[in-house]
């Protein structure tokens, strides 16, 4: 029982690939939501919030031994960060719809397991920074979303590790996202229904937060 739970926590993606039918904001100077990078159901993601997250990643990258290489490999960081921030809100809405709650204790337990798999706290933070451009202070948030995925899947009777389960979970989250009003500032691109991501980015459903070899290979594809 415990081994099954451990596998599911370690293999669920922290970033879902969502298809969002999103109307764009009007052009610069006539924005419907001035100063917003995106608006999700009336909840603003401000330019300041977006740049704060981007800045935290860049600061962590600059302090890392391979910082220059990390920065070079994350040239679309601002767009990818906004993509993730929007997805977090969609997953939160899906969790609410499913009656799913995630406690601080559950996040701590999941993190302890993932840190053990990765080889410790520093190793986990390094893997997430290098492979997924996640700043150390954002690790708990990434794990929270992962635990939400697991609970949403359980509530829907879905095994997200199987291809069929992945398809069902994708369809469920897409249904939720389509029911939400999402406006994206055109300077950051638009949601690509074919690739299920903002712009041309492509994020796999299943990713190991500990940054195992298979995940690293998938990231390079």
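A straight chain from residue 43 to residue 109 at 0.36 nm per residue would run longer than the Cα-Cα distance by 20.8 nm. Between residue 179 and residue 59, the contour length at 0.36 nm per residue exceeds the alpha carbon distance by 39.6 nm. The length gained by stretching the chain between residue 164 and residue 73 to full extension, at 0.36 nm per residue less their Cα-Cα distance, is 29.6 nm.
Each value in this text was obtained by applying a stated rule to the coordinates, not by laboratory testing. Predicted model, so just to flag it, every value in this text is computed and none were measured.
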